[in-house]
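Working notes, structure below.
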Amino acid sequence: MLPFRKILFPVDYSESAKRIVPFVYDAAQKHSADLLLVHAYGAEALAETNMRLADPALFDEVRGLQTERLRSYGEKYFGGTKFEPIARLGEAATAIHDVVHSHGADLVMLPTHGYGPVRKMLLGSVTAKVLHDYSGAIWTATPEALAKTELPYGSLLCAVPDASSEEAEAILRAGASLAKLYGAGLHVVHSVDTPPMTSEFDFTPYREELKATARKFLCGLLDRLDIRAPHSILDGAPAECVRGEALRTGAGLIVTGRGHAQGAVSRLWSNLYT
């Protein structure tokens with residue numbers, strides 16, 4: 001729900017994480033939100049202490065050292081913002097999941113590497129796991145996107161997967177709220193992915209009918225929500241349509257949903273990742 005009250009930022013001390021610090025700081029300021037800085041560490045952290053492995057106080061000592069390192073990171077990059085450093089032993093996605101549930105974070109902000117065509121196969125990546133398993137709001141960006149995006153966002157794009165779904169309403173409400181918060185322009189796009197024309201069958205009449213039906217649903221929803229924004233109904237693959245419309249409108253932020261399924265293997269076919 002907007003505005004966000006607690007923002008979780010996983011810190012792995014990488015350059016990728018450092019690149020999104022300005023966006024995390026901006027979000028915390030805009031929403032007057034508290035920050036949860038979370039660092040997941042493994043056995044390598046034991047090298048930072050001289051305590052014996054058999055010492056029962058070893059793990060508390062290591063957690064304390066990791067927490068202080070995280071606190072110093074927060075003071076360096078988020079001075080003037082209320083933050084809480086949380087160091088957890090274990091795998092990063094699991095630590096994020098546990099902190100979300102124990103501390104009530106309502107937005108997770110983390111980078112993604114965006115490894116081109118093979119990204120669908122990177123099911124072990126932290127971002128992929130969080131996108132798949134966490135049902136709350138997530139902000140993410142590739143390094144290439146960060147290099148081209150400036151704050152504050154001047155234009156937002158709502159990518160509505162199904163104009164007749166409950167998710168569509170949530171996406172539009174979120175987009176309108178964020179556009180108002182940033183004083184940004186708002187555009188809406190929905191794609192109708194129809195089969196290509198073949199020598200045996202011409203889908204053109206049905207394509208136009210599908211687009212007309214989608215436009216009717218979307219316009220009705222925009223009217224009901226009292227959202228005045230230009231909108232486009234495009235024919236084509238969802239990812240291509242959204243990307244093209246984002247470039248055309250100069251969108252600095254895309255607001256979208258996950259679609260219907262979050263099952264065990266649904267991430268393989270989700271339009272969200274593309």
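List pairs: first residue in region 84-113 and closer than 13 Å to His39 by Cβ, second residue surrounded by fewer than 22 Cβ atoms within 10 Å (Cβ to Cβ) and among the polar types (S, T, N, Q) anywhere in the structure, Cβ distance under 7 angstrom, at least six positions apart or on different chains.
The qualifying pairs are Pro85/Thr67; Ala87/Gln66; Ala87/Thr67; Leu110/Thr140.
Just a yes or no: is a residue in region 122-131 open to solvent by less than 50 Å² (accessible area, probe 1.4 Å), aliphatic (A, V, I, L, M) and modelled with pLDDT of 85 or more?
yes
Would you check which residues across region 243-254 are closer than 24 Å to Thr204 by Cβ and in contact with a Ser or Thr (Cβ under 7 Å, 6 or more places away or on another chain) and list them?
Passing the criteria: only Glu245.
Report the residue count in region 160-177 for those that are among the hydrophobic types (A, V, I, L, M, F, W, C) and closer than 17 Å to Ala246 by Cβ.
4
Filter region 73-102 down to the residues that are surrounded by fewer than 15 Cβ atoms within 10 Å (Cβ to Cβ) and under 25 Å from Asp26 (Cα atoms), then identify the one that is modelled with the lowest pLDDT.
Residue satisfying both the conditions and the ranking: Gly80.
The values are calculated or read from the model by the stated rules, or taken from the named source; none is laboratory data. The structure displayed is predicted, hence computed values, not measured ones. Because the Cβ atoms are built from the backbone with ideal geometry, glycine has one as well, and the counts that use them run over all protein chains shown. Ligands, DNA and RNA are excluded from the accessible area calculation, which covers all protein heavy atoms including side chains. Shrake-Rupley method; radii C 1.70, N 1.55, O 1.52, S 1.80 Å.
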